[in-house]
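Undergrad: Quick one: this structure, given as structure tokens, is what I'll be asking you about.
The values are calculated or read from the model by the stated rules, or taken from the named source; none is laboratory data. What you see is a predicted model, and the numbers here were worked out from it, not measured in a lab. We place every Cβ from the backbone using ideal geometry, glycine too, and count neighbours over all the protein chains shown. When the accessible area is computed, the model is the full protein with side chains, heavy atoms only, and any ligands, DNA or RNA have been set aside. Shrake-Rupley method; radii C 1.70, N 1.55, O 1.52, S 1.80 Å.
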Amino acid sequence: YTGGVNKDEKGRNINTGRRKMKYYKLTDRNGQSYGGTQWEKGITHKTKGMGVKFCSADLIHITASPELAVIMNPIHANFTEPLLWEVEAEIVASNRGLKLGAKEVTTIRQVPLPEISTEQRVRLAIFCALEVYPEKGFFIW
């Protein structure tokens, strides 16, 4: 990201964008996201909220990569047959990179969902566990 420092809903520092860049948005199979918001090619949506709180009217939730959108879907939107959109947005909030938030998002095109193998999911789970539980004995198993 380029730009300055802002605060998220808990007062933590976050990077904010100063220019629009390419990101990704998941929707359900009908092209809808939170609250029944309809997405399709060339659509722009703007938030009504004034803050930077996730899961509210403040932000539109997007991700940095197609892979991250797919891998985080079960704990974010949990769409059973999602569609993936390439979008253009300026980031105003970040939850350690797992969720990104924007005030205005424009869809560019629908893109194929990447396939994440079981091996890739297991590797990610192990790396996550190692990140939060750094005991040497756990690491060398």
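Undergrad: Just to be sure I understand the filter: pairs with C-beta atoms under 9 Å, separated by 6 or more residues or on different chains, first member in region 110-137 and without any contact (Cβ under 8 Å) to a residue 60 or more places away in the chain, second member outside any helix (DSSP H, G or I) and surrounded by 11 or more Cβ atoms within 10 Å (Cβ to Cβ). Which pairs pass?
TA: So the pair list comes out as Pro112/Leu84; Leu113/Leu26; Leu113/Pro82; Leu113/Leu83; Leu113/Leu84; Pro114/Ser65; Pro114/Leu84; Leu124/Ile116.
Undergrad: Return the pair list, or none, for Cβ contacts closer than 8 Å from residues in region 40-53 that are free of Cβ contacts under 8 Å to residues at least 24 places away in the same chain to residues that are open to solvent by less than 100 Å² (accessible area, probe 1.4 Å), at least 6 apart or on different chains.
TA: Close Cβ pairs satisfying both conditions: Lys48/Ala57; Gly49/Ser56; Gly49/Ala57; Gly49/Asp58; Gly49/Leu59; Met50/Asp58.
Undergrad: Considering only residues that are polar (S, T, N, Q) and at pLDDT 85 or above, look in region 1-52 and name the one that is farthest from the chain's Cα centre (by Cα). Spell out how you get there, then give the answer.
TA: In the first step, residues of region 1-52 are kept if they are polar (S, T, N, Q); the result is 2, 6, 13, 15-16, 27, 30, 32-33, 37-38, 44, 47.
Narrowing the set further to residues that are at pLDDT 85 or above leaves 27, 30, 32-33, 37-38, 44, 47.
Working: Thr27: 12, Asn30: 19, Gln32: 16, Ser33: 13, Thr37: 16, Gln38: 18, Thr44: 17, Thr47: 16 Å.
Filtering first and then ranking leaves Asn30.
Undergrad: Scanning region 51-89 for residues that are closer than 15 Å to Arg29 by Cα and of a type in the set (Gly, Ala, Ser), which turns out least open to solvent (accessible area, probe 1.4 Å)?
TA: Checking each candidate, the answer is Ala69.
Undergrad: Another question, if that's okay. Within region 90-139, track down each residue that is in contact with a strand residue (DSSP E or B) (Cβ under 8 Å, 6 or more places away or on another chain), β-branched (Val, Ile, Thr) and open to solvent by less than 40 Å² (accessible area, probe 1.4 Å).
TA: Ile91, Val92, Val105, Thr106, Thr107, Val111
Undergrad: Give me the residue from region 21-44 that is in a loop (DSSP other than H, G, I, E, B) and among the small types (Gly, Ala, Ser) and, out of that set, least open to solvent (accessible area, probe 1.4 Å). Please lay out each step first, then the result.
TA: Step one: filter region 21-44 for residues in a loop (DSSP other than H, G, I, E, B), giving 28-31, 39-43.
Those left that are additionally among the small types (Gly, Ala, Ser): 31, 42.
Details: Gly31: 2, Gly42: 54 Å².
Checked region 21-44; the qualifying residue least open to solvent (accessible area, probe 1.4 Å) is Gly31.
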